[in-house]
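The structure appears right after this line, and notes come after that.
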Amino acid sequence: MRFTSTAGISPPADLATALLRGLAPDGGLYIPQFIQPLRAADLEALREAELHRTALTVGRTLFASSLDEDTLESVIRDALTFAIPLRELEQGLFVLELFHGPTGAFKDVGARFMARLMAAYRSAADPPLMVLTATSGDTGGAVAHAFTGLTDTQVVILFPAGQVSAIQRRQFTTLGGAVRAIAVEGTFDDCQRLAKQGLASETLRRAYTLTSANSINVGRLLPQVFSYFHGWAQLPEATDRLVVSVPSGNFGNLAAGLMAKRLGLPVHRFVAATNINDVVPEYLRCGTFRVRPSQPTISSAMDVGAPSNFERILALYHGRHAEIARDIRGSVHTDDDTRAAISRVHRRFRYVLDPHSAVGFLGIDTDPVPNNARTCVFLATAHPGKFAEIVEPLIGEPVPLPHRLAVVLEREERIEELAPSLPALERLLLRG
Ligand SMILES: *Cc1c(COP(=O)(O)O)cnc(C)c1O
């Protein structure tokens, strides 16, 4: 399998190159050159198969010759160490829980897979790997966790000082060892700009193999395809009216869902569920893609005003708006709606949603087609305990935090501080 750039100028790259580069030289994002659908018999064999088997079957097709079977299998086994269960809330309404990883966010799936894949491709002769990533919340923890313990690898997390919730921050400031948490005196945009400049810095490149690990990396995107198949495999019966609602920000998760459909997953329609940062739903409605500054909401991991993965969706459909709008329905929700949904779902089903997952639920709940005419799945992307200060007042009871998330509250934080300039970043990183 080779990977082409969405910008269409750079030549196709092999998996190792796409993985380490992140962004193609022409500024585009890598996507698989072609997607060969699974054979019907292979798809049928996945029903009720366990996660690793499903991932292996899908991965084999998706990565084809670019990854040998043994490496693929060991990467899957080491990366996907947690369950991705599908729960039924009522007849025909299901939630796929993607938050059972070490940091309680769906980003664990992609980040862990990518980290192990990068390790598999490295040789001892390469300079040490430095993963340089900006975060406004969940990405930092998932990426830092994913890379800890891998040899010859440093992780640098840039975050806006004072603008990340305590539990999110603690996911990457308490790991120590090869993870450096750097509080930048500035906004998330400053962090992102610095990360970009750092990745291009010749000074840093002399000392390290540099890579970013943000959601534009194919290594994070591809494993998310497995989750969709695994969710489908757990449905109690086959259906040709499956609707899947994806709470979206940068649209990596939805892009992966559309790739799953290309691979033959029988999804009738996806819902692009967003908070008021509704660039994509607007595109679906009127065909114009208008990026704008993001607005803060309670589903903060989805506060994205220029969703970068949308390029991949456009490329998958050769930019054909009518076809995109046939496969995806947009659905936009305010914070008030989101809060009301958290209360309502708790009252009705005794089920606790975090604000992001609640947007996913609303993507189903607001569809004019009645539930009994379809099978609906929405994705739950974060553990509600991470957003206790929002969720608890709405449901009137405490949300227990799983042990793996609670431990970071006790550990000591280590944070370095940085002015938002490239020379300052270079000095800090080379000082070690
Ligand atoms: C990142 C994130 C999302 C959005 O996923 P995209 O792939 O960026 O669309 C949704 N929910 C949570 C909890 C996230 O961390």
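The values are calculated or read from the model by the stated rules, or taken from the named source; none is laboratory data. Being a predicted model, the structure only gives us computed values, none of them experimental. Here the Cβ positions follow ideal geometry from the backbone for every residue, glycine too, while neighbour counts run over all protein chains shown. Just so you know, the surface numbers come from the protein's heavy atoms only, side chains and all, with ligands and any DNA or RNA stripped out. Shrake-Rupley method; radii C 1.70, N 1.55, O 1.52, S 1.80 Å.
I want to confirm something. Restricting to the range 136-190 and keeping residues that are hydroxyl-bearing (Ser, Thr, Tyr) and farther than 23 Å from ILE216 by Cβ, which single residue is farthest from the ligand (Cβ to nearest atom)?
Among them, the one singled out is THR151.
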Report summary line: Here the qualifying pairs (Cβ atoms under 9 Å; residues six or more apart or on different chains; first in the range 136-158 and within 9 Å of VAL179 (Cβ to Cβ); second within 15 Å of the ligand (Cβ to nearest atom) and of a type in the set (Asp, Glu)) come out as HIS145/ASP108
Query raised in the report: Scanning the range 279-300 for residues that are within 11 Å of the ligand (Cβ to nearest atom) and assigned to a helix (DSSP H, G or I), which turns out surrounded by the fewest Cβ atoms within 10 Å (Cβ to Cβ)?
Result: SER300
**Report entry** Residue match in the range 210-229 (condition: touching an Asp or Glu at 6+ places or on another chain (Cβ under 8 Å) and touching a residue at least 12 places away in the same chain (Cβ under 8 Å))
**Finding:** no
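Could you go through the range 83-92 and let me know if any residue there is closer than 25 Å to GLY360 by Cα, out of contact with any strand residue (DSSP E or B) (no Cβ under 7 Å at 6 or more places or on another chain) and without any contact (Cβ under 8 Å) to a residue 40 or more places away in the chain. Can you show your working first?
If we filter the range 83-92 for residues that are closer than 25 Å to GLY360 by Cα, which is where we start, we get 83-92.
Retained after the next criterion (residues that are out of contact with any strand residue (DSSP E or B) (no Cβ under 7 Å at 6 or more places or on another chain)): 83, 90-91.
The next check asks that each one be without any contact (Cβ under 8 Å) to a residue 40 or more places away in the chain; those that pass are 83.
Checked against the condition, which is being closer than 25 Å to GLY360 by Cα, out of contact with any strand residue (DSSP E or B) (no Cβ under 7 Å at 6 or more places or on another chain) and without any contact (Cβ under 8 Å) to a residue 40 or more places away in the chain, the range 83-92 yields at least one hit.
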Query - For ASN372: the one exception among (1) touching a strand residue (DSSP E or B) at 6+ places or on another chain (Cβ under 8 Å); (2) at pLDDT below 95; (3) open to solvent by 10 Å² or more (accessible area, probe 1.4 Å) - result: (1)
Query raised in the report: Does ASP240 fit the bill of being farther than 21 Å from ILE84 by Cα and at pLDDT below 95?
Result: yes
**Report entry** Residues of the range 15-39 classified as in a loop (DSSP other than H, G, I, E, B) and either open to solvent by less than 50 Å² (accessible area, probe 1.4 Å) or over 20 Å from LEU263 (Cβ atoms) (or both), total
**Finding:** 8
Report summary line: When every residue in the range 239-260 that is touching a residue at least 60 places away in the same chain (Cβ under 8 Å) and either surrounded by fewer than 23 Cβ atoms within 10 Å (Cβ to Cβ) or in a loop (DSSP other than H, G, I, E, B) (or both) is compared, the one nearest to the chain's Cα centre (by Cα) is PHE251
Query raised in the report: Only one residue in GLY219, GLY231 is within 16 Å of the ligand (Cβ to nearest atom), open to solvent by less than 10 Å² (accessible area, probe 1.4 Å) and out of contact with any strand residue (DSSP E or B) (no Cβ under 7 Å at 6 or more places or on another chain), so which one is that?
Result: GLY219
Query - Count of residues meeting criterion [away from the ligand (no atom under 14 Å from the Cβ), open to solvent by less than 50 Å² (accessible area, probe 1.4 Å) and either over 26 Å from PHE3 (Cα atoms) or among the small types (Gly, Ala, Ser) (or both)] in the range 301-328 - result: 3
Report task. Would you check if THR381 is among the hydroxyl-bearing types (Ser, Thr, Tyr), surrounded by 14 or more Cβ atoms within 10 Å (Cβ to Cβ) and either more than 30 Å from LEU210 (Cβ to Cβ) or over 23 Å from the mean Cα position of the chain (by Cα) (or both)? Result -> no
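Out of all the residues in the range 327-347, which are in contact (Cβ under 8 Å) with a residue 40 or more places away in the chain and either part of a loop (DSSP other than H, G, I, E, B) or farther than 11 Å from ALA273 by Cβ (or both)?
ASP327, HIS333, THR334, ASP335, ARG339, ILE342, SER343, VAL345, HIS346 - these are the residues of the range 327-347 that are in contact (Cβ under 8 Å) with a residue 40 or more places away in the chain and either part of a loop (DSSP other than H, G, I, E, B) or farther than 11 Å from ALA273 by Cβ (or both).
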Query raised in the report: Any chance the range 81-89 includes a residue that's in a helix (DSSP H, G or I) and open to solvent by 20 Å² or more (accessible area, probe 1.4 Å)?
Result: no
Requested in this report: Name the single residue, out of those in the range 93-120 being within 18 Å of SER74 (Cβ to Cβ) and surrounded by fewer than 24 Cβ atoms within 10 Å (Cβ to Cβ), that is nearest to the ligand (Cβ to nearest atom).
Outcome: ARG116
